[in-house]
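The block underneath contains the structure these notes are about, expressed in structure tokens.
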Amino acid sequence: MKKKSGAATGFSLHKRTGDIYKMKKRHSLILICCLLFTIFCLLSLSACKKKEIKMTEEKLINIMVQPAGKRPLRPFIESIGTLYPYEEVTVSSEVEGMVKEIRADNGSSVSKDQILAIIDDSDYILEVKRSEASLRQAEATLSNTKLEYQRKEALYKEKLVTQQQFDDVTTRLLLAEAEVERAKASLSLSKQMLSKTRIYSPLNGFVSEKKAEKGNYVKNGTPLFIIIQNNPLKLLFTVNEKDVGKIKSGQDVLFNVDAYPDKEFKGKVKTIYPNIEQDTRTLQIEALIPNQNYILKPGLFAKVILYIGAERDVILVPATALLYEGDTIKVFVAEGDRARERFVKIGQKYSLRIVTSGNNTEVMEYTEIIDGIREGEMVVTAGQQNLFEGAKVKILKDNQESSG
């Protein structure tokens, strides 16, 4: 019985050892399979990524281009300004009285020496008549005194009148002459006051404001009208302190106003003010603007371009082609089917009227390129946001849409 039991026990141990061996072998196979599967997946993923990168590198990016052109343009300074009348005069009454007539209204066109209003002149006419009467009386007195002086002078020479008598008549003659002069001055003043009952325009222009009505009682110095001269006009604008040395009298000024967005107006610098504004550090400039048709009005806001030099050739690209990255500015150019990156240095900006395919004009913004682009290079104007150095590109025609 004991031997049998020992044999059974040995057999059982042997069987258990075999089972353990089989399990280890199975686990090893599973582990190897998992490892192979993992390697396969990694290789597949790597292949997919390489394929994706390759596809990305070869993807075509649609763009539009425009050649960098060279044009003769003039350097300028931009500013803002306001239009003012060339002259503005407040016409006031110089005499006292009731307004008898008003012959001009707000907005009326008036010419120099045209009657604008009349003050009641009844009292002034009477004063002229009184002065005329006083003058006639003074002249009659002077005539009689002269005759008496002549008689006394002849008698004085013959020693028939005393020195005192002759001196008396001489004094009366001088007083009579002075009285005539006083009467003449009084008459002249009376006539002058009478003439001032008629209010005249001092210049050719327009009534900006009427300040009195018929029947108003006015005093000396009461404003009646404001007259402005609109041809020519004055354009006042400022330039920065750093540009003061570039300003000269007679320089050309170009500007436009919101009331006429499609029109450009011209003028010339007339006055350069002598001092810099302390608060703004700017210098005020006055330009003279012709306004024969009176389409420009005082008070209009103006966007000003002041030309400060002669024409020079500059390379221009559309402002939309520029890409700003911090302190650097770049554009892309197309070389064959590849995009090339160019870092550029820019100058002034220009608004140019361009004739489109339909013979219409359109104002477009261009930027001067000082360095980084050569004339004739094909600058990318649309689709450049998707580009990178060496990207493969396809140039579209104007009637196609670009990607991005």
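Every read-out reported here was derived from the displayed coordinates using simple, explicitly stated rules and does not represent laboratory data. The structure displayed is predicted, hence computed values, not measured ones. Positions of Cβ are backbone-derived with ideal geometry, glycine not excepted, and every protein chain shown enters the neighbour counts.
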- Message: Quick check: from the Cα gyration tensor, does the range 253-321 come out rounded (a/c under 1.5), prolate or oblate?
- Response: oblate
- Task: Among the trypsin sites (Lys or Arg not before Pro) in the range 265-320, which ones are in a DSSP loop with at most 13 other Cβ atoms within 10 Å of the Cβ? Mind listing them?
- Result: ARG281
- Message: Going by Cα centres, the range 127-206 and the range 249-302 are how many Å apart?
- Response: 58 Å
- Among the aspartates and glutamates, select those whose C-alpha is under 14 Å from the C-alpha of LYS157, and discard any that sit fewer than 8 residues away in the same chain. ASP167
- Task: Rank LEU135, ALA154, ALA185 by how far each Cα sits towards the positive end of the charge dipole of the range 121-196 (+1 on Lys, Arg Cβ; -1 on Asp, Glu Cβ) and give me just the farthest.
- Result: ALA154
- Message: Among the listed pairs LYS263/LYS392; LYS242/LYS345; LYS214/LYS270; LYS59/LYS345, which have their C-alpha atoms separated by more than 32 angstrom in this model?
- Response: LYS263/LYS392; LYS214/LYS270
- In the range 270-323, the GluC sites (Glu not before Pro) that fall in loop regions by DSSP, at most 13 other Cβ within 10 Å: GLU311
- For the range 99-253, with only Lys/Arg (+1) and Asp/Glu (-1) charged at the beta-carbon, what is the dipole magnitude about the Cα centre, in debye rounded to 20? 200 debye
- Most exposed first, judged by fewest Cβ atoms within 10 angstrom, VAL269, VAL331 run VAL269, VAL331
- Task: Filter the chymotrypsin sites (Phe, Trp or Tyr not before Pro) in the range 228-298 down to the DSSP loop ones having no more than 13 other Cβ atoms within 10 Å, then list what survives.
- Result: TYR294
- Query: To the nearest 20 debye, what is the magnitude of the charge dipole of the range 121-196 about its Cα centre, counting +1 on the Cβ of each Lys and Arg and -1 on the Cβ of each Asp and Glu?
  - Reply: 120 debye
